[in-house]
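What follows is a set of notes on a single structure, which appears directly below.
Coordinate-derived values only; no laboratory data. All of these numbers come straight from a predicted model, not from anything done at the bench. In this analysis, Cβ positions are derived from the backbone assuming ideal geometry, glycine residues included, and neighbour counts consider all displayed protein chains.
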Amino acid sequence: MITSVLVANRGEIACRIFRTCGELGIRTVAVHSDADENALHTRVADAAVRLPGAAPAETYLRGELIVKAALDAGADAVHPGYGFLSENAGFARAVTDAGLVWIGPPPEAIEAMASKTRAKKLMGLEPLAAVTAGDLPVLVKAAAGGGGRGMRIVRELAELDAALTAARAEALSAFGDGEVFVEPYVEGGRHVEVQILADTHGTVWALGTRDCSLQRRHQKVIEEAPAPGLAPELAAEIGELAVRAARAVDYVGAGTVEFLVADGRAHFLEMNTRLQVEHPVTEAVFGIDLVALQIQVAEGAALDSDPPRARGHAIEARLYAEDPAHDWTPQTGTLHRLAVPDGIRLDTGYGDGDSIGVHYDAMLAKAVAHAPTRAEALRALAGALERAALHGPVTNRDLLVRSLRHPEFAGARMDTGFYERHLAELTTPAPDPYAPLAAALADAHGRSRFGGWRNLASRPQSKRYLIDGTEHEVHYRHTRDGLSADGVRVVHADARLVVLEVDGVRRKFEVTRYADQVYVNATALTALPRFPDPVADRAPGSLLAPMPGTVVRVAEGLAEGARVEAGRPLLWLEAMKMEHKISAPTAGTLTALHAAPGQQVEVGALLAVVEPLERQDP
């Protein structure tokens, strides 16, 4: 029997595995980089071991250090989680060679399926060998790993070499393996997958389907089970193909077989030989704990001959610290508060007050709703996210709420191009018009006790706030009856709660403040100073680093004095294991270039200056 498990991972998945281990009475061991010394997964584990001598982004790829940590901490089993070394056959062998139990598939199965090129050959498919114009569009894809890293869509042959270079670099950084391949890109398809679970006694479960079509940068954002609107015959075919893939490699444990569904046909994509981020929706629908079943299978237990029955519908949304309106730019800073209403499952690797850094994926949490019907699950999850307390850096929360309520998604007519079509409308700011006034009244409440009221009428007080880059100014007065404002009746105002009556309707506003950051219900505001300090203007055309990161490369041949076109890629930053393109904001002349490959930059650092053409002498 397994008595102590080391999780060779971090963040949300480590915390999620620890939770099940605790319920089973199994001791837990965390490993961590220096950057994660105080991370939530290290705090909730029974023991934690520092992995020394590597950059934070590489720490969890040091298999030899993780095996040593397991032995030093007295663990008798290792769970890899997802990402990092979860699909690394060499690591799986190192674990078992050390006398530890590997909570995952056999190394031979990992080798057969973890490389997407070998997996396709096993399923009778071949990647493209030489790309021609007739093959376009194509998808460049990393052979190892997942999560959208190392993937690029190519629509012009001239873009292929650059896409291959970028994909190789990203894949090598994320998975330690720079192999990539090219396959046809299917436009307008749905991403459908099957959760499988197999034991050592020959039983393979196919646990229904999941739809993961809502993606950004080929990384899933919203997932659900079962996949809606599939013809029963197609769903059955997909399940049979998944079982066939598992049996072909003598699979053991939890895994996922992924397909792209288009025009009533299923195209095999890959098999992920690990637990998936979206596994909670399958757990909710089937009433199971996949991590507990993984552990039981690793101990040699047999599964029932038939899987449990599916009930209801489940939807998961991934909360990211990122700005969807600005090229999905990752965000950093302090997560002051993260809480969702009761009835919603929240899997997270962060606690209140934790810092969101630059070294790892930007996912904060997964919120999951389960209900008898899809419509009920959609409504529950959208409503819970809308009411969630989410205080900290910019997130994709509003995007998620609007996505869940979008007619195309609600009608199950979505595909993998959903955000390409609808991103602009889903990210158009729609702040509550009364949020700035509520923030001002809450702030003014304390001041009214110190002589704010005057016997004679005076000019109204004013405060300014920034919301989504737009300044809002509001006015209010201190009167003998309390605070007042034009156009509304102030029913109640204190530092945490403001109640306004507008046209006979009372509305409540919960207000929370952290220095100059104010949160009014779901609206985030920045309080602006009454007398702002003068700030020297940046030169027009300045390109500032949108996040802390590393300059991975500069466009070939780029030098000061070069003429550039608007939108031309100038350099690439790597942050949170993803590459981010920095392009010329306008056509003009590159008058300064301060970035070089390998350079570490902080947010706001000046990278380059492009002097616009209209400012140059004729």
Which residue, 122, 256, 331, has the largest displacement toward the positive end of the dipole of the chain when charges sit on each Cβ (Lys, Arg +1; Asp, Glu -1)?
331
Which order, highest average first, do 371-377, 287-293 follow once you tally other Cβ atoms within 10 Å for each residue and take the mean per peptide?
287-293, 371-377
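Hey, can you rank 154-161, 586-593 by average C-beta count inside 10 Å, highest first? Intermediate values should be presented prior to the final figure.
Working: 154-161: 13.2, 586-593: 17.9.
So the order, starting with the most tightly packed, is 586-593, 154-161.
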Once the piece of chain linking residue 305 and residue 599 is laid out straight, how much longer is it, given 0.36 nm per residue of separation minus the C-alpha distance between them?
100.2 nm
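By how many nm would the segment from residue 528 to residue 339 grow when fully extended, if each residue of separation counts as 0.36 nm and the alpha-carbon distance is taken off? Numbers along the way, then the final one.
Working: separation 189, 0.36 × 189 = 68.04 nm, distance 2.69 nm.
The residue 528-residue 339 span can extend by a further 65.3 nm.
With the cut-off at 30 Å, tell me which of the pairs 68/120; 120/220; 121/220 have Cα atoms farther apart than that. Intermediate results must be reported in sequence, preceding the final value.
On the way: 68/120 35 Å; 120/220 22 Å; 121/220 25 Å.
From 68/120; 120/220; 121/220, over 30 Å: 68/120.
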Length gained if residue 231 through residue 68 is fully extended, taking 0.36 nm per residue and subtracting the Cα-Cα distance, is 53.7 nm
Highest to lowest packing among 420-426, 362-368, scored as the average C-beta count within 10 Å:
362-368, 420-426
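Specify whether the C-alpha gyration tensor of the stretch 204-290 places it in the rounded, prolate or oblate class, a ≥ b ≥ c being the square roots of the eigenvalues: rounded for a/c under 1.5, otherwise prolate if a/b is larger than b/c and oblate if not. Working shown, then result.
On the way: a/c = 1.30, a/b = 1.07, b/c = 1.21.
Judged from the Cα gyration tensor, the stretch 204-290 comes out rounded (a/c under 1.5).
Which of the three applies to the stretch 82-232, rounded, prolate or oblate, going by the alpha-carbon gyration tensor with a ≥ b ≥ c and a/c under 1.5 meaning rounded?
Oblate, since a/c reaches 1.5 and b/c is not below a/b.
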When N counts the residues of the stretch 318-428, how does its alpha-carbon radius of gyration compare numerically with 2.2 N^0.38 Å, as a ratio?
1.08
For the chain, what is the mean residue ellipticity at 222 nm derived from helices alone (per DSSP H run of n ≥ 4: -39500 (n - 2.57); sum divided by total residues; nearest 500 deg cm²/dmol)?
-7500 deg cm²/dmol
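For each of 271, 1, count neighbouring Cβ atoms within 10 Å of the residue's Cβ, then give the residues from fewest to most.
Working: 271 31, 1 11.
Fewest to most other Cβ atoms nearby, the residues stand as 1, 271.
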What does the charge count near residue 437 come to, summing +1 for each Lys or Arg and -1 for each Asp or Glu among other residues with Cβ under 13 Å from its Cβ?
0
How many nm is it between the label spots at residue 217 and residue 560, if each spot is 7 Å from the Cα in line with the beta carbon?
3.1 nm
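Checking the a/c ratio against 1.5 first, then a/b against b/c, what shape does the Cα gyration tensor give for the stretch 435-528? Display every interim value, and only then the final one.
On the way: a/c = 1.63, a/b = 1.33, b/c = 1.22.
Judged from the Cα gyration tensor, the stretch 435-528 comes out prolate (a/c at least 1.5, a/b above b/c).
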